[in-house]
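The values are calculated or read from the model by the stated rules, or taken from the named source; none is laboratory data. Owing to the predicted nature of the structure, the values given are computational and were not obtained by experimental measurement. Note that we place each Cβ from the backbone using ideal geometry, even for glycine, and neighbour counts take in every protein chain shown. Calculation scope for accessible area: heavy atoms of the full protein, side chains included, ligands and nucleic acids excluded. Shrake-Rupley method; radii C 1.70, N 1.55, O 1.52, S 1.80 Å.
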Amino acid sequence: MAEQAGNGEDDAVAEIEKKIIEAFEVFDHECNQTVDVREIGSIVRSLGCFPTEAELHELLAMVEEEEPTGYIHLEKFLPVMTKVLLDRSYRPIPEDVLLHAFEALDENKCGYITKEKLVKYLTEEGEPFTQEEMEDMLSTALDPETNTVRYRDYISVMTVDET
Amino acid sequence: MGSGSSVNVNYKYSLQKSENVQTLPDETHPAFKAAVLIQRWYRRHVARLEMRRRCTWRIFQSIEYACEQDQIKLHNFFSYLVDHFTPSSSKERDFISRMFISGESFKEAELEKYCDYESMEVPDSYTGPRLSFPLLPDQATALLEAFKQKQQLHPRYVLNLLHETRKHLKQLPNISHVSTCYSEEVTVCGDLHGQLDDLFLIFYKNGLPSPSKSYVFNGDFVDRGKQSLEILIILFTFLLIYPNEVHLNRGNHEDHMVNLRYGFTKEVMQKYKVHGKKILKMIQNVFCWLPLATLIDQKVLIIHGGISDTTDLDVLEKIQRNKFISVLRGKKRKDSNRNVEIQEINRESKTEADPAEKEAAPSLFPQPRPAPAPSMSNRQEFSRWVRQTVQEQIEWCRRLVDISESEEEELTYSSVVSLTDLDGPCRTREEDWKQVLDILWSDPMPQEGCRANTVRGGGCYFGPDVTQKILEKHNLQFLIRSHECKQEGYEFCHSRKVLTIFSASNYYEIGSNRGAYVKLGPDLVPHFVQYQANKTAHTLTMTQRISRVEESAFRALREKLFAHTSALISAFKAYDKDNTGRITLSNWATAVESVLRLGLPWRMLRPQLVRSTVDGMLEYKSWLDDLAMEQRSQEHIQSSLLEVIYRNRSNLETIFRIIDRDHSGLISFEEFHQTWKLFSSHMNIELTDDGINDLVRSIDFNKDGNIDFNEFLEAFRLVKQSQ
């Protein structure tokens, strides 16, 4: 997403930094260049990255203070995040890959996953969802009449939403 | 709402769990990988939603506060008039003096006579509640029921209620005292802003006021919402029935100057076409008697806005709060700035400044007592007369809010003595005014210190150190205030020493925020109850709710962008020296912020505002054209004119209402023309007479030469259709 600029590299980096600072400041409630460590995930993801929880933990390790205070400072975060964006780490997930993932959970290949099955997979496997996350996904994904998730439809709804 | 923690704690849990079962997670198992992928994708979606939600919130807040800045601009406009304008025709003279007449201030007896209700007959056909005084609880219930059925209270009863309320409020001190030993719990509610559904919801969840249920309502009962009057009626009714249990604080919207802009005046005139003016006059005289603060157990201070580093409860107790009918004032007149370039309209000859006029600080809307005007033929004398008359009017008005020696109502010898506190320093009216202004308009800030609240144009930003000082000085535990919308309906700051409580849910848009109230028992530990008054909000998914609110915010933002088209073009051109018609997206963001100055994260908002780019560059002219397409409702009006209207619409609307003294909704074509000319000269806008005429011709106005300015505003979609 490098933008056309007069002086090439430097301007591109400057622009990336501005983006990061903007995103950071949205969560900086006290206007003192710090954010709560629990918001780092939201910031990183809203900048276009798709890290796993494990990858986020690694990133945090790089930006946290020696004595973790619960807060992350912009001056530590900025260079780390700039590199992430320049390196294009944590790439987005293409729609077909996502589809394959759902299909992998659909043993009988019938085009849908039952609520129970999905809940079991997503709250017990991988990097488990919290109950809140699970309920939230179900609120959009679940077809209440059949109590199943028709994943193709769900993916297309969500993709539209992503603009 | 989505996961509060975006860094998932459960990741560690799943590892632990597997360890207990003595198997490691099988990362090669397809289900595992699939799950990780889906979770990763989903968490990104949630994070984006969260960002969108916060950006939307920022948009609404910055626009709301920018609007309050408009109020200052309006004051500047009137000050400008006073400083510079010299009418050169009798029409202009009459017009100007009408602008400065906002209605007389009444003495007690005159007020009773003007707002008399006893001679009003209530017809048998009237099926609404009939109030008799002293009020009884079943009458309150009847009122609630009637308002649920969308009935309207007969104006006689409205006026009667207002009279009785005023009588009651006059006996109250500036600071109400509440004790938790009498009624176990006190419930504190914040801004309601005419949202009756929220008040119903509060009463439903918490119970009606009663001898065992105390309430404090912390101001801003009116404006913005459509049922401000009903809320006032209900609150005043309960106030009179349970005077020991119901306490009202004044808010910054309990002020007729603010009501002119934010909708309460309009609401009253629409609901009571014949008696509205009387009702408004009475309400003015009720608002000024509302107490300024409430103290619970001498430990918790409740004020509407906040405090400043000069706030002093002992002073606050002594001031004459009813002197401040409106807390807003015009700026002080500058010492003659005669080099200012003025595009005077219709002026044939310049007149010299009268040196004698440079004295006092003007304020708004003085009472006229004009000496007979000299003839029009002697321009110099005439304009001196105008200035003098206007000056007298200003002085008179000043006396309403400043130190007064003359025939003010109720200013007896004893009250003059009390002003000059015999044991302490002599206070000026200026200082008293600042005490009130700070209480009603201030906001907390995270940084230490105290500085002027330039965003709102009144009161201060106060830091945690200011809070700490006042808590220590008066031996308090914490402050409760309102005045700012909060997403969860409440929010702590200053290390939990300041609590903001806001009771108008869905304030910006359906789904934008919850409302809340707080309950305090003898332990003074706050317990919160949150709610959202719209059924629709509950059935929407989080995504839908956010999208909906977001749409609304971006519509408002695009409108604001459109209103600054010319300034934006200049800013863009500065980045496009080669005149290619394109700029980088980076420069777009910088330019937009420099023009709009809303402090918004433009790079985050860009995807919603800029739909198409060419090689990463924006073709700014066509982008602006697209914006205009959305807004334009009158094709043949020159677009710069439309832009001007949009940019200044709330000021225009307020000015119209001020001119429309009898609140009829109509002003004459001539007045409309004059208004426009004056306003545009002040804003330094080039406008031809043709431009104005085109504008007027596009409005359907009555043959009798009157313009219904509500129609005008709606025709240009300056006002939402639902109003």
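One table, with the values for the structure above:
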{"item": "Of B:113/B:226; A:18/B:486; B:323/B:473; A:19/B:226; B:277/B:486; B:213/B:497, pairs whose Cα-Cα distance is over 32 Å", "result": "A:19/B:226; B:277/B:486"}
{"item": "Coil-residue trypsin sites (Lys or Arg not before Pro) of region A:80-163, DSSP, other Cβ within 10 Å capped at 13", "result": "A:88, A:109"}
{"item": "Average beta carbon contacts from partner chains per residue of A:11-22, 10 Å cutoff", "result": "3"}
{"item": "HN-Hα J in Hz across region B:308-319 - Karplus 6.51, -1.76, 1.60, θ = phi - 60°, x for Gly and Pro", "result": "9, 6, 9, 5, 9, 5, 5, 5, 4, 5, 8, 5"}
{"item": "Sequence-distant residues sharing a close amide H with residue B:442 (under 5 Å, placed H)", "result": "B:305, B:306, B:460"}
{"item": "Shielding by partners, peptide A:50-56 (average Cβ within 10 angstrom, other chains)", "result": "6"}
{"item": "Tensor-based shape of region B:115-259 (alpha-carbon gyration tensor, a/c under 1.5 rounded, otherwise prolate or oblate)", "result": "rounded"}
{"item": "Residues whose placed amide H lies under 5 Å from that of residue B:451, excluding near-sequence neighbours", "result": "B:461"}
{"item": "By accessible area with a 1.4 Å probe, ligands and nucleic acids excluded, highest first: order of B:57, B:602", "result": "B:57, B:602"}
{"item": "Phi-based couplings in Hz for region B:611-623 (Karplus 6.51, -1.76, 1.60; Gly and Pro marked x)", "result": "8, 9, 10, 10, 6, x, 10, 9, 7, 6, 5, 6, 4"}
{"item": "Cut-off under 5 Å, modelled amide H: who pairs with residue B:180 long-range", "result": "B:297"}
{"item": "Region B:116-224: GluC sites (Glu not before Pro) in DSSP coil with no more than 15 other Cβ atoms inside 10 Å", "result": "B:118, B:121, B:184, B:185"}
{"item": "FRET efficiency for residue B:465 and residue B:145, using Cβ-Cβ distance with R0 set to 56 Å, rounded to 0.05", "result": "0.65"}
{"item": "Per-q log10 I(q)/I(0), chain A, q = 0.08, 0.17 Å⁻¹ (Debye; single scatterer per alpha-carbon; no solvent)", "result": "-0.33, -1.09"}
{"item": "Centroid-to-centroid separation of region A:15-42 and region B:125-200 [C-alpha atoms, Å]", "result": "46"}
{"item": "Where trypsin sites (Lys or Arg not before Pro) fall in DSSP loop in region B:505-590, at most 12 other Cβ within 10 Å", "result": "B:577"}
{"item": "For the pair A and B, total buried accessible area rounded to nearest 100 Å², probe 1.4 Å", "result": "5400"}
